[in-house]
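Trainee: Before I ask anything, let me first share the structure, which is written out below as structure tokens.
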């Protein structure tokens, strides 16, 4: 038996140590920015029209809802302005829906880049989360400012509540998207199942009504929908007289943190295997 020590380059742990070498400083930031720029080019294009559509789409939705419900109702559930009321529900809902949907496709969308050792699934998730979060925050600011200006509404906004509500929406969207990123990649059929399960969300998240308008039996069930808390918190900020006492920030945070932890844990343990599918 030879006493010659093994060459370190052929040591069974050498390859593992190479992958454990920390990335150079700021490399993650550069990768995230590059992924964001790529998605901006593919999603919105290089023309102004792509970005304008991100604003026009919710505006058309709010206008349609306002016209339809104004024909049947004398006034909205809160305040006296239909576009303001439906914007306070529709904009946060679209933010959650888009954010969770985009993040759930992060591995599929960035698969060519994830083949490089320096790019990880976290880079892809962070890039998609930041870009879509910033886009929706800008759209919400522009649309609400336009409504207040066009209809000359008194600006009595409690900004803190609005920001808290939108941050909860963002966190919830990132959490659900991260878990679905694993589930939809590992089990493609889950994408169709999830689409069916969440189809009623548009109707049961408080876009067209306030929580207090519901019968007690419906309140006891819909209280467990975290989106209804987020939208209620946003409306608490936009309507100074609206208390939204049912809102539980700790409940939404708890749901989001648990789902996010589970999603990231599953991705961390399985994303290399998912890349081979």
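What follows draws every value from the coordinates through simple rules; no lab data is involved. Since this is a predicted model, take the numbers as computed values, not measurements. Counting neighbours? That spans all protein chains shown, and the Cβs are built from the backbone with ideal geometry, glycine included.
Trainee: Which value at 222 nm does the chain reach when only helices count, each DSSP H run of 4 or more adding -39,500 (n - 2.57), with the total divided by all residues and rounded to the nearest 500 deg cm²/dmol?
Mentor: So the helix-based figure for the chain works out to -23500 deg cm²/dmol.
Trainee: Right, something else. Report, to the nearest 10°, how far helix 48-72 tilts away from the longest principal axis of the Cα atoms in the chain, using its own Cα long axis and a range of 0 to 90°.
Mentor: Computed tilt is about 40 degrees.
Trainee: If we count other beta carbons within 10 Å of each Cβ, what is the order of 125, 142, fewest first?
Mentor: By the 10 Å Cβ count, ascending: 142, 125.
Trainee: Next up: For the chain, set up a GNM with springs between Cα atoms under 10 Å and report which of 55, 103, 174 has the largest fluctuation.
Mentor: Maximum fluctuation in the GNM of the chain, among the listed residues, is at 55.
Trainee: Here's something else I'd like to know. So for the chain, averaging the separation of alpha carbon pairs under 8 Å that are six or more residues apart and normalising by length, what relative contact order in percent results? All intermediate terms of the calculation are to be shown ahead of the outcome.
Mentor: On the way: 274 pairs, mean separation 63.9, N = 277.
Relative contact order of the chain: 23 percent.
Trainee: Would you mind ranking 245, 123 by Cβ crowding within 10 Å, fewest neighbours first?
Mentor: Values: 245 10, 123 24.
Starting with the residue having the fewest Cβ neighbours, the order is 245, 123.
Trainee: Could you work out how far helix 249-275 tilts from the main Cα principal axis of the chain, as a 0 to 90 degree angle to the nearest 10?
Mentor: On a 0 to 90 degree scale, this one is about 30.
Trainee: Counting other beta carbons within 10 Å of each Cβ, put 59, 189, 143, 216 in order, fewest first. Working shown, then result.
Mentor: Values: 59 16, 189 9, 143 19, 216 6.
Final ranking by Cβ density, sparse to dense: 216, 189, 59, 143.
Trainee: In degrees from 0 to 90, rounded to the nearest 10, what is the angle of the helix 226-238 Cα long axis to the longest principal axis of the chain?
Mentor: Roughly 50 degrees, rounded to the nearest 10.
Trainee: If you don't mind, another one. Let's test the formula: R0 of 22 Å, r as the Cβ-Cβ distance of residue 220 and residue 73. What FRET efficiency results, to the nearest 0.05? Kindly include the intermediate steps, with their values, before the conclusion.
Mentor: Details: r = 26 Å, r/R0 = 1.16.
For R0 = 22 Å, the calculated efficiency reads 0.30.
Trainee: Where the centroid of each part is defined by its Cα atoms, how far is segment 180-254 from segment 69-120 in Å?
Mentor: 13
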